[in-house]
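Take a look at the structure below.
The values are calculated or read from the model by the stated rules, or taken from the named source; none is laboratory data. Bear in mind that the values here come from a model prediction, so they are computed numbers and not experimental data. Cβ sites come from the backbone with ideal geometry, for glycine too, and all protein chains shown count toward neighbours. Ligands, DNA and RNA are excluded from the accessible area calculation, which covers all protein heavy atoms including side chains. Shrake-Rupley method; radii C 1.70, N 1.55, O 1.52, S 1.80 Å.
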Amino acid sequence: MINAFLRTLGWALVFLLVVEAITGTALSAFYAPSATDAWASVAYVQDRATWGWLVRGIHFHAASVIIVISGLHLLQVVLAGTYRKPRHQAWWVGLGLLGIIIAIAITGFVLRWDQAGFWANKVEVGIAGGTPIIGDTVRELALGGNDQGNLTVTRFHMLHVVALPALAAILTVLHVRFARKVGEPRDAAQPLRDLVAMAIAMAAVLTLVVSQHGVDLGPPADPAQAYDARPLWFIRWLFELRHLAGSAEKLAALAAPAVVGGILAALPIVDRSGTPEGRARRWPYVGAATGLFAVIAALTVVSIARDANNDARNKAMAAVDKQAAHARDLASRYGVPATGPLDVYATPPMWRARTIYATRCRDCHDAASDKRKGPIIAPGHGGRAWLEAFLKDPNGATFYGKTKLAKTDNAMKPVELPASEMTDLVEALYAESGAPDVDVAKRDRGRAIFEKACTDCHALGEGVAGTSAPGLGGLGSRDYYTHYIGNPKSAIHMGADSEMPRFDKELTIVERDAMAGYLVWLRSATNSQLDALGPL
Amino acid sequence: MAPPKPDRRKFLKLATSAVGGGLGLIVVAPALRLLGEAAGSTTVKTPIDPIDVGAVERFPVDTPIKVTIVAAEVTDAWTSARDVVLGAAWVRRTGDKSFEVFSAVCPHLGCGVDFDGKQFACPCHDSKFALAGAAQPGAVAKRGLDSLEHDVTADGRLRITWARFALDTEEKRPA
Ligand code: FES
């Protein structure tokens, strides 16, 4: 009966390895192994490809279940003493196989190239690089060069999808052959038992997949952003061991797996209690092996529990989750720029200008700001309605009302004109922006009015300053705004009266132009269009 | 057919392993050489010139400010990219034109170091560093934060020379 159960676990493992091969093959049809594309392609599978999240989830969680069942299988063999001759070869091959499976999981984690995978990889490669003598070479071979980059992704990809699975397949076949060499009576019910075990294993995988909606994907790898890296759960005990080992941590991280592996591998050699029936003399070995398991399990639990109780970390992780959701939302909406996954943050429409607005303009120009000093900038700014309202009350609260200028004699006087002349004048000013929907007849009448009513102070010619007030040539055009933002204090604009700082040093011409483009867009935009631009 | 003479058998054995081994070598050697290329090669190239991080006035005296270090161009094996964020540095203005600049890369295992208002703190394994960069007692990091070379240009802009250092060593040496 013990044997039957053992075999059952074994077949469940083989089944899950096949599941990994199938889901992995499907995923490899989507995965792009390069530092610029890796995250984007994973995000695509996760969020956009039909059932991609499901396949990816199965692929990830099946690995966890494989490792759990492997542990049980191993424990089972230890308890039953079947690591001894004549099954010692199966035992050794099995240990090697478990090592390879863990390596496959570790090499797979970095492929998503998100913060978690990237930083965990950095730490792991750092530890491997601490190996005496050959450390540097090992590190460079793992990274594919001097630093994490394209060749790191391609290398780990090669290991994860070609080299290690090939090895695993060979070892699996060998393991099964060695294990079966020792004949056992066939039981007619066994195939059904095996199938039930496979079904239970798959149910466990699917439960994990559904409860976590597949598997998470963090924000794209960012070498400039702090990330509290943690390894995958099944090597968590090493992380904890390092933590406990203090200055000897590197040694601990390198030596512990070797010690554990060594002890397990040595079992068939040191345990000479003969046939499976010699149970009584076997307890020291069984005790040592199960003790080892218990320690590993305890370290894992302690480590995870400590994180769970660390409020600072929980808060930081919540922020990371939010960032991930944002990045993935942008990736789904606008696609990831071919220049790399970090540029996804810059994909919202007019992102650059809106970022500048939020950091440089908002305080003085936003309706919602309590530090406002200048005219409100909002949808409709510079449009016909806005121009008319401005002309009628230039020193009103929403316009120059909060400026120092408004309280001086230099302040502009309200324009008083009959309604039809007012619309003509507005059309003339509006036409300066270069907007396509200008009523030419109105504009020309408006220009005549401007000549009479405004030229005492203003001018309308291109590049011409007014006598005592801003030149209005090109008012509201992209060029006008670019220049104005660069230096509002220049003679052609507000001159010394302006309280607005110059931005020609702080912002590049590209940034000022982006800002100008945004202002032009705002002119004909509505509030709901502004909202529809989405978060930055 | 008569069994081969001992001499002949020896020859056949030798020839088989020679031809077989040679064939194997021809296949495996180039592949290994290709993979071994990685050792000692600089695949990720980042500029070594000083990088402008802003006007001096941008930095308040004594409060560390985190700046991102943006390289004009970085090549990574077969790609090149412009305006790449290389990492971050903590800049503390100590006087009119004097600064203290630390790489935000933790000297322990390379996580990004934060500033908690009083001292620098690494979230990964809890190393703490004093304002002046020294590792606090109890830190797993074996050395203090790595200072970065920097200068102030004639027109008052701070420039930082970005560098990465070997992780988890007592002395600071370039990586
Ligand atoms: S990486 Fe900073 S303490 Fe470990």
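Worth pointing out:
- Ligands, DNA and RNA left out, the accessible area of segment A:351-532 computed with a 1.4 Å probe is 54% carbon and sulfur.
- Were the residues from B:I65 through B:S17 laid out at 0.36 nm apart, the gain over their Cα-Cα distance would be 10.6 nm.
- A crude spin-label estimate for the pair B:E171 and B:S80, with each label 7 Å from Cα along the Cβ direction, gives 3.6 nm.
- Taking every residue in B:78-88 and counting other chain Cβ atoms within 10 Å of its Cβ, the average works out to 4.
- 13 Å beta-carbon shell around B:D96, net charge (K/R +1, D/E -1): 0
- Cα gyration tensor, segment B:28-175 - rounded (a/c under 1.5), prolate or oblate: oblate
- Percent accessible area from carbon and sulfur atoms, segment A:194-252, protein chains only, probe 1.4 Å: 71 percent
- For A:T408 and B:D151, a Förster radius of 56 Å and the Cβ-Cβ distance give a FRET efficiency of 0.80, rounded to the nearest 0.05.
- Taking 7 Å steps out from each Cα toward its Cβ at A:V259 and A:H213 produces label points 4.3 nm apart.
- Cα gyration tensor shape of segment B:1-109, rounded if a/c is under 1.5, else prolate or oblate by comparing a/b with b/c: prolate
- Accessible surface for segment A:230-309, divided over its residues, is 53 Å² per residue with a 1.4 Å probe.
- Rg to Rh quotient for the protein assembly as shown, alpha carbon positions, Kirkwood Rh: 1.12
- FRET efficiency for the pair A:L75 and A:D136, taken as 1/(1 + (r/R0)^6) with r the Cβ-Cβ distance and R0 = 30 Å, rounds to 0.20.
- Within-9-Å neighbourhood charge of A:A90 [Cβ basis; K, R +1; D, E -1]: +4
- Note on A:K404: lysines with a C-alpha under 20 Å away, same-chain residues under 8 apart excluded, are A:K371, A:K373, A:K392, A:K413, A:K489.
- Between A and B, roughly 2500 Å² of accessible area is buried in total, ligands, DNA and RNA not counted and the probe set to 1.4 Å.
- Shielded residues, segment A:129-153 - accessible-area loss of 30 Å² or more between chain alone and all protein chains, probe 1.4 Å: A:E140, A:L141, A:N146, A:D147, A:N150, A:L151
- Nearest-20 debye value, the protein assembly as shown charge dipole, Cβ charges on Lys, Arg, Asp, Glu: 3520 debye
- Across the accessible surface of chain B, with the other protein chains kept in place and a 1.4 Å probe, carbon and sulfur atoms take up 59 percent.
- For segment A:461-497 and segment A:36-112, distance of Cα centres in Å: 67 Å
- From the alpha carbon centroid of segment B:35-93 to that of segment A:198-256 is 29 Å.
- Cross-link table A:K122/A:K250; A:K322/B:K128; A:K315/B:K66; A:K322/B:K118; A:K85/A:K181, entries beyond 23 Å C-alpha to C-alpha: A:K322/B:K128; A:K322/B:K118
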